[in-house]
Amino acid sequence: MTPWMLIPAHVRRSPLRSFLTVGSVAIAIFLFCLLRTVVTGIEATVSKTSSTRVITSSAVSLFVNLPVSMWDKIRAVDGVRAVTHWTWFGGVYVDPKEFFARFSVDPPSFREVYGDRHPGGAIYLLAEEEWTAFERERTACIAGADIAEKYGWKVGDRIPMQGTIYPGDYEFTLRGIYRTSNASFDQQTLFFHWKYLDEMQGGIGSVSTFTSDLESPELAPLVAGSVDSQFSSSANRCITLTEQAFQAQFVAMWGNYTLFLSFIGGAVLVAAFMVTLNTLLLNARERVTEVGVLKTLGFPDASIGLLNLAEGVALCGLGGLCGVGFSLAVEPALFSVLKAFVPTFSILPETSAAALCIATALGLLSGAIPGVMAARIPVVRALRRVG
Amino acid sequence: MAAGSAGRRVIIEAADVVKTYTRGGETVYVLDGLDLEVREGEWLALMGPSGSGKTTLLNVLGGLDHPDSGNVIADGEDIEALSSRDLAAWRSRHVGFIFQLYNLIPVLTAYQNVELPLLLTSLDRRERDAQVRTALGLVGLAERLHHYPNQLSGGQEQRVAIARALATDPTFLLADEPTGDLDARSAASILDLLATLNRDLGKTIVMVTHDPRAADRADRLLHLEKGVLLEQERRGRAPRPDGA
Ligand SMILES: Nc1ncnc2c1ncn2[C@@H]1O[C@H](COP(=O)(O)OP(=O)(O)OP(=O)(O)O)[C@@H](O)[C@H]1O
Ligand SMILES: [Mg+2]
């Protein structure tokens, strides 16, 4: 009933116009995927983390350390299964521009809380021998697969590091390259022994944060309360948050950013909609006589409206497929560019699906207007336009 | 043939048709109680000054436009009683339109243009193919199947348009100044083609024209003036014997 062959015929007859329409939708959808993935990457950091872990840091600021002596006291709190600590190192590797996170940790307890000894499964994935090698050697370190790949590190390599907050020339031996089981944890961090740091400094006696692993997630408020109250009157007031809430502190800084990104994404889609609608309206204007002829021949109004609608969906759908396809193709390249800004960058199937739905909706919306116009124009008026 | 048509059945019957337009608050009677009978196999020419309502009349007869009052009975069907959807289906079965400016669809080939009305029939692909080739062969364009309209001359375009109008084997053809945009030679050959369709295939044709030479080819000539049709004495041809 509907002369579908008109759609490819029109596309073929004005290839540049069709290309520009498809292209504008493709670019908009590509940008949508990109921006949306940045947003989902940031959100994943918060939502995917487990709440059997709680993190204690100074109530003053994240940059103020806590005395290592608190360790035993936290360990003694009811409901706490194991406690480990992290200390931000800073430092320079080769050049100050080569930036990645470096933390000193306590390998045995780190392994209990984040490694293969954690009852809920490891976050940081290393072979057992690697864990053991990391624990055994004072100058051992482990590094994430992403930076190991970036710098071409292999197990056994020596990694020199110059201290900044904690001055001195350090040299680590790489004993393991980890991957993470959870996208909220990056693969771009280097971990080494806190003891090595402590010795080099002649005793720093402090750490950045403690991570306590609880018997069960429901205990989090209770444990947090009793840890914080224990130190509330001391010089080292602290605040204990779930891992999720702790990461959310960082993400809060991103909050307005995601809103801003969503706003840009929305604006680009609106622009693509206007370009498409403009093209389709232009097409419709040029085809008034054609509509008159189709109606004269006996094609029902609904078929003619449908034809316009389908053309919109076809152009935008094609644009959507190109946009999604392109963003999937360049995903790895994009991640390497954006690594410094976002914790993870992986285009979720939901994002691709949403992008295709949006493209289809753009097509329906921009095809519906000329479609309704074409369906409703009386045949005599359509024929008189030119003849 | 021409003489014989007088005894045949009436294929289009318009009675007391009124069509008005309002222009600047004033009502203009374009068709003002018009009556018309067209018999099967007849070739009727309509003449009249520009703006006299010839196109309007064809549109009403072909079910493209509704009169304000009056009846049009075509092939036994009161087309005023049809819904717009049914009217569209009725048009596709019964009417072949031929326009002054051909009105081919520029992005489709000659073949596809002719196939278009066949998409509304129940014919399958192979039957359509045979029909398209027959129609284009009939108008002498069997060699131009895959040309686009802009690759054809005006006369050839009009032939494709005629093939399109014929493709579904409609009950009658309505032609609005079919030679109006053509040079004398192409015009003559289009008229020859219409004559063949009328004479050999028995097609009923209602043709609007400004060209007396075109009007001469028809069996009967009517003048549209002040909203009604007037029978006209023919030059060079005797009026047809009435009924006998
Ligand atoms: N949609 C409309 N609105 C107002 N007036 C109209 C409309 N359509 C036609 N008319 C008027 O109706 C009259 C008849 O028009 P029509 O096109 O039928 O004339 P015509 O005899 O075919 O003229 P031509 O020989 O120039 O083709 C004209 O005066 C025209 O201006
Ligand atoms: Mg006219």
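The values are calculated or read from the model by the stated rules, or taken from the named source; none is laboratory data. What you see is a predicted model; the values in this text were computed from it and never measured. Cβ coordinates were reconstructed from backbone atoms using ideal geometry, including for glycine residues, and neighbour counts include every protein chain displayed. For accessibility, only protein heavy atoms count, side chains too; no ligands or nucleic acids. Shrake-Rupley method; radii C 1.70, N 1.55, O 1.52, S 1.80 Å.
Being more than 14 Å from every other protein chain (Cβ to nearest Cβ) and of a type in the set (S, T, N, Q) is the filter; apply it to the range A:286-330 and report the residue that is surrounded by the most Cβ atoms within 10 Å (Cβ to Cβ).
Looking at the filtered set, the residue picked out is A:N308.
If we scan the range B:176-193, do we find a residue that is closer than 30 Å to B:S122 by Cα, within 16 Å of ligand 1 (Cβ to nearest atom) and within 14 Å of chain A (Cβ to nearest Cβ)? Checked against the condition, which is being closer than 30 Å to B:S122 by Cα, within 16 Å of ligand 1 (Cβ to nearest atom) and within 14 Å of chain A (Cβ to nearest Cβ), the range B:176-193 yields at least one hit.
For the range B:21-80, the strands (runs of 3 or more DSSP E) that sit wholly inside it and include 1 or more residues that are away from every other protein chain (no Cβ under 14 Å) and of a type in the set (D, E) are B:26-39. Within this structure, A:L197 fails the test of being within 21 Å of A:S109 (Cβ to Cβ) and under 26 Å from the mean Cα position of the chain (by Cα). For beta carbons closer than 9 Å, sequence separation of 6+ or different chains, a first residue in the range B:46-65 that is on the phi < 0 side of the Ramachandran plot and a second that is within 12 Å of ligand 2 (Cβ to nearest atom) and of a type in the set (K, R), the qualifying pairs are B:L46/B:K54; B:M47/B:K54; B:T55/A:R384.
Inspect the range A:38-56 for any residue being more than 14 Å from chain B (Cβ to nearest Cβ), farther than 28 Å from A:C357 by Cβ and acidic (D, E) and give the result as yes or no. Let's see the steps before the verdict.
Restricting attention to the range A:38-56, the residues satisfying the condition of being more than 14 Å from chain B (Cβ to nearest Cβ) are A:38-56.
Next, only the ones that are farther than 28 Å from A:C357 by Cβ stay: A:49-56.
Still in the running and acidic (D, E): none.
Looking through the range A:38-56, none of the residues is more than 14 Å from chain B (Cβ to nearest Cβ), farther than 28 Å from A:C357 by Cβ and acidic (D, E).
B:L101 meets each of the listed conditions (1) assigned to a loop (DSSP other than H, G, I, E, B); (2) at pLDDT 95 or above; (3) hydrophobic (A, V, I, L, M, F, W, C); (4) within 16 Å of ligand 2 (Cβ to nearest atom) apart from (2).
Taken together, the residues in the range B:190-221 that are crowded, with 16+ Cβ neighbours inside 10 Å and in a helix (DSSP H, G or I) amount to 9.
Here B:G63 meets the list (1) closer than 22 Å to A:V291 by Cα; (2) open to solvent by 10 Å² or more (accessible area, probe 1.4 Å); (3) more than 16 Å from ligand 2 (Cβ to nearest atom); (4) within 15 Å of the chain's Cα centre (by Cα) almost entirely, failing just condition (2).
Taking the criterion of being within 18 Å of the chain's Cα centre (by Cα) and either within 16 Å of ligand 1 (Cβ to nearest atom) or under 20 Å from B:V28 (Cα atoms) (or both), the only residue of the range B:68-86 that qualifies is B:V72. Every listed requirement among (1) among the charged types (D, E, K, R); (2) in contact with a strand residue (DSSP E or B) (Cβ under 7 Å, 6 or more places away or on another chain); (3) at pLDDT 90 or above is met by A:D198 save one, (2). Please work out if A:T21 is of a type in the set (S, T, Y), out of contact with any Cys (no Cβ under 7 Å at 6 or more places or on another chain) and open to solvent by less than 20 Å² (accessible area, probe 1.4 Å). Against the criterion (of a type in the set (S, T, Y), out of contact with any Cys (no Cβ under 7 Å at 6 or more places or on another chain) and open to solvent by less than 20 Å² (accessible area, probe 1.4 Å)), A:T21 qualifies.
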